[in-house]
Each structure stands twice: as C-alpha cells, then as structure tokens.
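Data block below; observations after.
The values are calculated or read from the model by the stated rules, or taken from the named source; none is laboratory data. Note that the coordinates shown come from a computational prediction; the quantities given were computed from them, not determined experimentally. Backbone-built Cβ (ideal geometry, glycine too); neighbour counts: all protein chains shown. SASA here: full protein model, heavy atoms, side chains in, ligands and nucleic acids out. Shrake-Rupley method; radii C 1.70, N 1.55, O 1.52, S 1.80 Å.
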Amino acid sequence: METRHVVDLLSDYLDKTLNESQMQEVTKHLQECSSCTEELAQLKILFKAFEEAEPVTVPSEKLRTRFLEQLEEEKLGEEDVITFHAKSAERRFPWATMFKVAASVAIIIGAFQFGKYQQQETANVTIAALESEGLEAKQTAMLSLMENQSASKRIKGVGYIDGFANPDESIVQALADRMQNDENANVRMTAVEALDKFTNSERVKEAYIAALKTEKDSGIQIAIIAILVRIQEKKAVAPMKKLLEREDTQPFVKEQIESLLPTFI
C-alpha cells in the first residue's frame, strides 16, 4: 500500500469509517511504516486539540512559588529534627506524629497537583508546537475530513479553514469542490461561507460563478449571489440572468436577483 494513500485514509481510520478490508490494510501498513505511524500520532493529537480543548485552571505564579518554598522548608526542617525519648515524646507531644503525617500528606497532594499542572503545560506546548509548525499535518487533517463519509465530519473539515491565513491551491480547490459537488446542502453552504474569506482570489470568484450555474438549493443560490454582488463581480451578471430565465428558479430568488442586478456598477 502506498504511503500517500495511507495518509489520506488516516482520518477515516481513526473514525473507524473504513470498510473491514481497508482497516486491515491500513493496520498492517502502520505496523511496517514508522512514518505513517508518526503521522497517525500527530493526527490524534491534532484532533484531540480541536475537539476536546478545555480551559485549564492555571495556578498563579505566587501559589507555585509558595508551594516550592514550603517544600524546601519541610526538607530543611527534617535535617534539624530534635530527638526525644520515645515515651517522653508520646507523653509530652502527642500531636507531633499527627502533624508530620498531615504535613507529608499535604506535600504529596501538592506535588501531585503541581505535577498534573506541569503535565498539562507540557501537553499544551506540544499542541501549540503542532499548531504553529505542523501546517502540513493540519492540511492533511482538513483534506481528509472533507473526504469523510460523514457530512458532519466534512463540515468540520471545511471549518478548519480558520487555521489558514493563506491557504494553498489544494485547499482552495477542495473547498470549491465541496461547494460545487457535495451531496449535502449543509456542507455546500459551509463551503460557501468559508470561501467568503478569500474573495480576493480569482480562483475563488470563478468557483462561486461555477457553483451559481449548477446550484439548485435556493438558500445557497441567494448566499452566493449576495457575495458576488458585494464584491461587485461583473462576471456574475450572466449566470444571474440565466437564473431569471429558468423555470425551476424560486420566485423569491428571482426577486432577489432583480433587486440586486441594478447595483452592479
């Protein structure tokens, strides 16, 4: 199995949406390919960051400093322990043993909480590094999700566009393909809205015009028309007039077109 093909299937592999034969093939390949195994690990971290990110309660610097100071004081105190005769200590200071136990428990709990915080910080740094440096992994995740069998996953994949300030041609093409050809109207509408961030691109303008020529959903038609009018794309005039002539165009869509056509300069 080719590595590139396996990478394209990793998102579906994680979601367990591949058929049994594909699952077995990918599993076998992962056992033999360290590169794909590492890619899978990165995708797991990335998906978890997107889907399960929760605010972390961060202890203040003052609290952490005080904890470390108390820990150090406890260590120093152990070095200066005054020795008592056992019976005398129990008789005169019955609380001493209890105090030591309580102090030890407090230190253990504090160390556990501090360690937990440190582990979370390490995980956050790992995720941040992946998000800032792993653009290729993010792109792979996005493109894989947009090809997922689940419409909700495809919508989620389209939504990943927010992580790209300047998406490359492959991402723009994938979004245009979702807008023009996806069988689910919600996915197409999400792609229409996602591409609206990049209307300076001629490729995006052409994609909107192409979609307007084939789109049957009236809501999506109006959304595309509104964007093309806002950016004053004169090439949209012809397909808008075609919609006026089509018998299957909804009356309210025609009304919208008739009211907006005169706004083109």
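Quick notes on this one:
- Count of region 124-151 residues which are among the β-branched types (V, I, T) and at pLDDT 75 or above: 1
- Close pairs (7 angstrom Cβ cut-off, 6 or more residues apart or separate chains): modelled with pLDDT of 65 or more in region 33-56, small (G, A, S) anywhere: Q42/G134; Q42/A137; L43/S11; L43/A137; L43/A141; L46/A137; L46/A141; F47/A141
- When residues of region 169-186 are limited to those that are farther than 12 Å from F198 by Cβ and of a type in the set (D, E, K, R), the one surrounded by the fewest Cβ atoms within 10 Å (Cβ to Cβ): E183
- Flag if A194 is out of contact with any Pro (no Cβ under 6 Å at 6 or more places or on another chain) and touching a residue at least 24 places away in the same chain (Cβ under 8 Å): yes
- Any hit, region 199-207, residues being hydrophobic (A, V, I, L, M, F, W, C) and modelled with pLDDT of 90 or more: yes
- Tabulated pairs, region 202-225, first over 17 Å from Q173 (Cβ atoms) and among the small types (G, A, S), second open to solvent by 30 Å² or more (accessible area, probe 1.4 Å) and in a helix (DSSP H, G or I), C-beta under 9 angstrom, 6+ apart or interchain: S218/F252; G219/A185; G219/M189; A223/M189; A223/E193; A223/D196
- The criterion of at least 2 residues that are within 30 Å of the chain's Cα centre (by Cα) and surrounded by 11 or more Cβ atoms within 10 Å (Cβ to Cβ) is met, among helices (runs of 4 or more DSSP H) falling completely within region 191-265, by 202-214, 218-230.
- Among residues of region 152-168 that are within 13 Å of E193 (Cα to Cα), those with a beta-carbon under 7 Å from a residue that is among the basic types (K, R) and buried (at least 16 other Cβ atoms within 10 Å of the Cβ) at least six positions away or on a different chain give the pairs V158/R178; Y160/K138.
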